[in-house]
Structure formats: C-alpha cells, structure tokens
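One structure is given below, encoded as structure tokens.
The values are calculated or read from the model by the stated rules, or taken from the named source; none is laboratory data. Since we're looking at a predicted model, the values are computed, not measured. Neighbour counts are summed over all protein chains in view; Cβ atoms, including those assigned to glycine, are modelled from backbone coordinates with ideal geometry. Accessible surface areas use protein heavy atoms only, side chains included; no ligands, DNA or RNA. Shrake-Rupley method; radii C 1.70, N 1.55, O 1.52, S 1.80 Å.
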Amino acid sequence: MAIIEARNLTYTYPYAESPAFKDVTLRIERGEFILLTGPSGCGKTTLCRCFNGLIPHFYGGKLEGEITVAGLRTIEHPIHEIAQHVGLVFQNPENQLFALTIEKDVAFGLENLGLPRDEMRRRVDWALKVTGIYDLKNRAPFEVFGGQQQRVAIASVLAMQPEVIVLDEPTSFLDPLSARNILGVINRLNKELGITIILVEHRLDLASRYANRVIVMNEGQIILDGEPRKVFLENEAALIGVGIPKVVRLYMLLKRAGLNIGRVPLSPEELSKSIMEALIFDRG
Amino acid sequence: MSMFDGLKFRNISSPIHRIDPRAKFIYVLTFFIIAVFFNQLIPLLILFFSQIPLIIIAKVKKEWLRLIKGSSFFATIIFIMNVISLYFYSGYSSLASIIEQASAMTVRFIVLVESFSIFFLTTSPDMLGLSLEQIGIPYEFCFAFTTAIRFVPILAEEAQTIIDAQRARGLELEGENFMKRIRNYVPILIPLIVNAIRRSLELAEAMESRAWGATEKRTTLYMLKMERRDYCLILISALMLVASLYAWLFIKIPTMTQILNIQG
Ligand SMILES: Nc1ncnc2c1ncn2[C@@H]1O[C@H](COP(=O)(O)OP(=O)(O)OP(=O)(O)O)[C@@H](O)[C@H]1O
Ligand SMILES: [Mg+2]
C-alpha cells in the first residue's frame with residue numbers, strides 16, 4: 001500500500017487568485033527516496049505542507065481532491081496526529097528549534113505527545129546518536145553552527161519515529177561540506193531505517209545519487225516523474241532550469257561526441273568508473 | 001548595557017547552580033523582605049557582606065562586580081535624592097546622620113540588586129521555565145517565556161543588521177531634531193516587526209509539525225525534584241526571617257554615628 005497517495009489535488013491559498021498547484025496525482029511507496037525539484041515558486045513547499053496536514057489545517061485555503069498519508073485522510077485528522085507519521089524539516093534551522101538545550105529540543109515533540117519519561121529518554125538518545133550530535137546534547141541550539149542545527153531539526157522529527165520525513169531545502173542555509181554531511185545523514189535514515197524520504201533540493205549534484213525517484217514540478221504541476229537516470233536526460237528538465245547534475249551533463253556531452261559510456265552516472269565516482277571501463281574497452 | 005549583562009546567565013556548574021530554583025527563589029525573597037525591614041546602615045551592610053561568600057562559591061564574581069558597577073549610577077542617584085530630601089524634610093540636624101541614612105537607602109538598593117542577581121546569575125532560564133511549569137503556571141506561558149529568552153539575542157542581532165543596512169543607504173540616526181530622529185527609526189522598526197511576524201509564523205508551523213497540543217497531559221524530559229539541600233536552604237531562609245524579625249522588634253540597633261561617636 002502506498003504511504004502517500006494524492007489524487008487530483010488542487011490547492012489555493014486564502015486570498016490567492018490562482019491555485020499554488022493544480023491537479024496533482026501522486027503515489028509514493030514505502031521506503032522510497034524522492035527528490036522533489038523545480039524552479040522557485042513552482043509549489044514544492046506548498047505540496048510538502050499538504051503531506052503533514054499544515055494544509056489545510058494551519059493555512060486554511062481551498063484544498064480539492066483527495067490526499068491520504070499513512071492511511072489517514074489529512075482533511076479529517078488534526079496535524080498532531082499526522083505529525084506522528086510524517087515529520088517535516090524546514091529550510092531555516094533557526095526557526096524550528098525552540099528549547100534552550102539540544103536534547104530538550106529533540107524531546108519537544110515527545111513531550112507534546114505525553115510520552116512517559118523513560119521512553120522519551122530512550123528515543124531522544126537514539127535520535128541524537130543516529131544524527132551524530134549526542135555529544136552536543138547539553139549545548140544550546142543557537143550556539144552550534146548551521147549544519148548541526150539542521151541535524152537537531154532532523155533528530156527532533158526522527159525522535160517521533162515517523163514513517164515519512166519530508167525535508168524542505170534543508171541544505172540551502174549550509175556550506176557545501178555541511179550540506180554533503182546532512183545529505184549523508186538523510187540517506188542513512190532511508191537505507192538503514194527504511195524511512196520514506198521526500199527531499200526538496202536544488203543541489204542535485206549532491207543529492208541525486210541517493211534518490212530512487214525524481215519528481216520535477218513546474219508552475220504548480222508535476223511535469224516529470226521517474227528514475228533519476230531517465231528524468232535528467234529529458235529535454236524538458238533542462239529547459240525549465242532544473243540544475244541537471246554536472247556528471248549527467250558531461251555524460252551527454254561525451255555521448256554527443258561519440259563516446260557512449262553506458263549507464264547514466266549520478267556521482268563523479270560512477271562517472272570516472274564508467275569512463276575508465278569505456279576507455280579500456282576501446283583499447284582492448 | 002553592562003547593567004543587564006549582570007543578569008545574563010552563564011552556564012557553569014557550582015553548588016549554588018544546582019540548588020532548586022524554587023528554593024533559591026524563596027531564599028532571595030527572604031533576603032528581599034529582610035532588606036526592606038531594616039532602614040539602618042549596619043544591618044544592611046551585614047546583609048550585603050553576608051552574600052559575598054555565595055557569589056564566590058557560585059563563581060560569578062566577575063559578572064557580579066560588573067552588575068554592581070552597572071548599578072552604581074542608580075545608586076548615586078538614590079544617594080543624592082535621599083540626601084536632598086532628608087536635608088529639607090526631616091528633623092535630622094547632623095550632616096553625619098543624614099549621610100548615614102542616605103547610605104543606608106543606597107545599600108538597601110544594592111542588596112536588592114545583589115540578591116536578585118545571585119538568583120539570575122545562577123539559574124538557567126531552562127530550569128526557571130521548568131520550575132514555573134512545576135508550580136502550576138500554564139505551559140503556554142512557560143513556553144512563551146523560554147522562547148522569548150531564546151530569541152532575544154537573535155532579534156538583537158537582526159536589529160543591528162537592519163540598522164547597518166539602512167545606514168549604508170544613508171539613513172541618519174544622529175540628528176539634532178528629536179522628532180526627526182524618532183521618525184528616522186521607522187525604517188528600522190518596520191522591517192524588524194515584519195521579520196518578527198514572519199519568524200513567529202514559521203515557529204508556529206514548526207510547533208504544529210511537532211504535535212503541539214496533542215494531549216492535555218504533557219510530560220517533560222526533566223522533572224525538578226527538591227532535595228535535602230533545597231529543604232535546608234528553605235529552613236535557613238525561615239530562620240533568617242525569624243531572627244531578623246526578632247532583631248527588628250527587640251534589639252536597639254546602634255547607628256554608625258553613635259558607634260563612631262561623631263557629634264552632630
Ligand atoms: N503562505 C502563502 N500564502 C499565499 N501564497 C503563498 C504562500 N506560500 C506560497 N505561496 C504562493 O504559492 C506558490 C508556490 O509557492 P511555494 O512556496 O510552494 O514554491 P516553492 O516551489 O517552494 O518555491 P521555492 O523554491 O522558492 O521555495 C507561489 O506562487 C507563492 O507565491
Ligand atoms: Mg519552498
């Protein structure tokens with residue numbers, strides 16, 4: 001059974017003249033790692049808000065069509081109920097941390113759920129360890145730097161043990177190294193813990209190697225949806241300004257120049273391996 | 001400002017830091033009450049000096065000194081006001097006793113500042129929030145309190161950025177005309193307020209996403225528990241209160257002037 005299923009979903013913000021997205025139909029299976037991308041203003045954030053019920057419960061507006069998340073119709077269930085199945089990590093780490101110590105921030109959601117103290121302790125320690133910030137647990141969230149703050153944000157939704165974690169541009173405030181590390185953490189959540197990941201990202205160079213599926217949106221609609229190796233080759237993707245990974249662009253240039261290296265690469269390592277193989281094959 | 005720096009918490013560990021905030025508050029309150037009882041210089045000086053060991057144990061000497069220095073401006077005003085009013089309105093004939101009275105009022109002010117600073121310098125806002133929660137204040141208020149503390153430095157930084165940005169575009173903040181100066185602050189206040197509103201919306205969104213309001217019976221990761229040393233402190237406070245009440249009622253406290261035998 002799909003973990004998220006949307007049928008003909010259309011949403012209009014209150015007082016907005018036109019819908020933020022229109023007629024979106026989407027089926028996401030358990031355990032997928034989805035990369036959601038598209039030009040600014042195409043409705044990615046808006047779609048994320050639908051996944052945990054912020055739309056329509058927090059934002060109001062007009063939501064038409066059907067959306068079920070973890071078997072719950074989001075329109076009928078309050079946010080705090082959906083939040084236990086879908087964790088949302090926002091762009092700005094600063095505005096999603098409340099407490100004066102990191103461990104209390106991670107505990108915040110569990111406190112709200114009224115969990116017993118020993119269970120809470122266990123889950124908080126576990127989430128801190130998985131995200132690699134256990135040693136920082138008594139520091140204040142605003143004392144540590146951006147990459148670590150974003151880890152705190154991830155730990156705090158992870159502690160609630162959701163089936164899905166949605167991350168809305170979690171690396172856009174970070175330097176390249178922190179971004180790479182955060183994406184590694186996110187990948188581990190998916191591969192080791194089996195959590196379904198929906199990652200909104202512009203840095204496709206770093207993120208696409210982890211995803212099994214890429215969804216490209218434009219002007220409120222899904223225009224491409226499929227395996228990264230196929231989607232990045234589409235003309236449309238390049239036309240609307242999706243930042244096609246450099247390794248894929250190099251692959252296409254090589255191909256046009258007459259060197260077919262076989263599989264579309266998603267990381268420099270894959271690319272160099274294919275090139276080596278192609279060259280050896282050529283000589284031999 | 002240096003005065004407020006004295007109230008800023010620094011995360012260190014000491015026996016005083018470990019005392020339950022509720023017990024510490026009772027102690028500080030007791031001190032406050034005793035300081036208000038007495039208006040003679042000698043007992044107030046005793047109160048002042050009796051706190052110093054606590055400050056040393058708590059390792060907050062530097063902050064405390066800064067605080068005392070910061071409050072010296074107000075202390076001077078209090079002293080001068082008292083000298084003037086005592087000179088005009090009371091029957092005191094000798095200058096020495098006027099000065100003693102005025103000093104007593106000044107020391108009282110410093111003792112009050114001192115005792116509250118011990119409380120705030122040695123109690124983490126986190127613990128304070130937790131104890132507010134545990135004495136039965138609704139969680140929404142406690143949350144607002146800790147969030148405010150968390151965001152004050154961020155907002156201050158943001159204000160500075162906006163001031164710098166507007167200055168770079170030629171905004172004058174130092175002007176001759178007072179009204180004009182006020183008007184010039186508008187371009188700073190508006191972005192600051194807009195930003196604060198946007199930030200609070202994002203915060204609300206993040207809170208909702210973490211199951212805010214899921215249950216009436218919220219639990220907490222930590223629970224403050226009063227221990228023996230905390231009860232001891234409350235007992236000490238009670239004894240101090242009784243003793244000073246006794247002294248206040250039955251002991252005739254000599255003035256400094258009498259001791260030093262200064263003739264009026
Ligand atoms: N809170 C809101 N109220 C009204 N309209 C909004 C709101 N948030 C977004 N919109 C509008 O909805 C549309 C989609 O915006 P959205 O933020 O979902 O785009 P996005 O793909 O996340 O863009 P970006 O890459 O810049 O984050 C935009 O036209 C935007 O102006
Ligand atoms: Mg967005």
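In table form, for the structure just shown:
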item: Crossing angle, helix B:61-89 versus chain B [Cα axis fit, 0-90 degrees, rounded to tens]; result: 60
item: Residues of the protein assembly as shown: accessible area per residue with a 1.4 Å probe, Å²; result: 51
item: Percent of Cα pairs exceeding the 29 Å cut-off, where the set is the range B:72-229; result: 56
item: Loop sites in the range A:8-57: trypsin sites (Lys or Arg not before Pro), DSSP, at most 15 other Cβ within 10 Å; result: A:R30
item: Two-site FRET efficiency, B:T215 against A:E219, from Cβ-Cβ distance with R₀ of 45 Å, rounded to 0.05; result: 0.65
item: Three principal axis lengths of chain B [C-alpha, angstrom, descending]; result: 70, 59, 30
item: Karplus-derived HN-Hα couplings along the range B:34-41 (A = 6.51, B = -1.76, C = 1.60, θ = phi - 60°), whole Hz, x at Gly and Pro; result: 4, 5, 7, 3, 8, 10, 9, 5
item: Degrees, to the nearest 10: A:146-158 long Cα axis against longest axis of chain A; result: 70
item: Above-threshold pairs, the threshold being 31 Å between Cα atoms, out of A:K137/B:K59; A:K104/A:K246; A:K129/B:K61; result: A:K104/A:K246; A:K129/B:K61
item: Solvent-accessible surface ranking, highest first, for A:F51, A:F90, A:F58 at 1.4 angstrom; result: A:F58, A:F90, A:F51
item: Spatially proximal aspartates and glutamates relative to B:K24 (Cα-Cα < 13 Å; intrachain offsets below 8 disregarded); result: B:E227, B:D230
item: Cross-link reach list, aspartates and glutamates versus A:K22, counting only Cα pairs under 17 Å and skipping chain neighbours closer than eight places; result: A:E5, A:E64, A:E66, A:E219, A:D225
item: Summed buried accessible area for B+A [probe radius 1.4 Å, Å², rounded to 100]; result: 3300
item: Area of B:R198 that stays accessible when all protein chains are in place (1.4 Å probe, Å², to 10); result: 140
item: Computed over the range A:140-262, the ratio Rg/Rh where both radii use C-alpha atoms and Rh is Kirkwood; result: 1.02
item: Listed residues B:K61, A:K137, B:K217 arranged by accessible area, highest first, probe 1.4 Å; result: B:K217, B:K61, A:K137
item: Surface share of carbon and sulfur [accessible, 1.4 angstrom probe, percent] for the range B:138-209; result: 66
item: Within straight-line cross-link reach of A:K62, aspartates and glutamates at Cα separation under 15 Å, skipping those fewer than 8 residues along the same chain; result: A:E17, A:D23, A:E76
item: A:K246, B:K62, ranked by accessible area, largest first (probe 1.4 Å); result: B:K62, A:K246
item: The range B:124-151 versus the range B:177-204: alpha-carbon centroid distance in Å; result: 26
item: Between 0 and 90°, nearest 10: helix B:139-168 axis offset from chain B longest Cα axis; result: 80
